[in-house]
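A short write-up of the structure that comes next.
Bear in mind that the values in this text are calculations on the coordinates, not laboratory data. Quick caveat, the model's predicted, so the values are computed rather than measured. For neighbour counting, all protein chains shown are included, and Cβ atoms are generated from backbone atoms with ideal geometry for every residue, glycine included.
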Amino acid sequence: MAGIDLNPDEIQFIVQPYQFEPHRGPEQPLSSSESSSESDSERDSDIDNVATDEWCTCNNCVAMPTATERRCCQSFAVCQPKLDEATITCITMHEAFQVNCLNHHVLELSFYEYLDYNGPIGDEEPVHELYRYIAYRRYTRWLWHRLGKKTRKVIPSCVVSAIRTRFPSDEYTGFRYPRDY
């Protein structure tokens with residue numbers, strides 16, 4: 001800074017670029033491209049034929065197409081208090097899950113809230129598919145309370161299976177990160 005005389009004690013009070021950014025730990029790669037050139041979908045497709053009993057401990061999970069989606073409810077720390085409180089082995093057996101995520105009347109009310117925010121649906125959009133979407137949202141809100149914009153959480157396979165069984169479709173999208181669409 002030309003023309004400004006600063007003594008060393010005053011320099012500490014000047015805002016420096018990146019001053020409040022977290023420092024990279026030694027175990028972290030410099031960038032995500034350096035850590036792996038594979039995309040998430042490529043890594044997920046590497047493990048296509050993993051038996052359900054290798055990753056499911058609740059005995060209600062079904063095979064999922066990607067490794068990201070192959071998660072049992074018991075592997076989520078956020079599920080453990082709910083499982084312990086109800087003394088159950090699977091989150092789909094929890095009364096709150098069945099009432100809030102599978103009950104048609106509860107989802108109907110959330111459907112009306114969805115319409116308030118998103119406007120009317122088209123004739124080509126089946127209501128039961130929206131109910132499935134709403135059930136996923138209600139599940140994530142139940143466990144994680146509030147997610148920020150473009151924040152996604154993987155839902156356990158057993159939960160996805162229970163919701164898909166209740167609100168079936170010909171095609172399913174699966175889990176996608178916000179950057180994927």
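Miscellaneous remarks
- Trypsin sites (Lys or Arg not before Pro) lying in DSSP loop within region 92-139, provided at most 16 other Cβ fall within 10 Å: none
- This ranking places ARG146, ARG71, ARG166, ARG141 by how few other beta-carbon atoms lie within 10 Å of each, fewest first, which gives ARG146, ARG141, ARG166, ARG71.
- With a cut-off of 15 Å on the backbone N, the residues of region 71-102 near the modelled label site 7 Å out from GLU54 along Cα-Cβ are 71-72.
- The three principal axes of the C-alpha atoms in region 107-176 carry coordinate ranges of 30, 27, 21 Å, sorted with the longest axis first.
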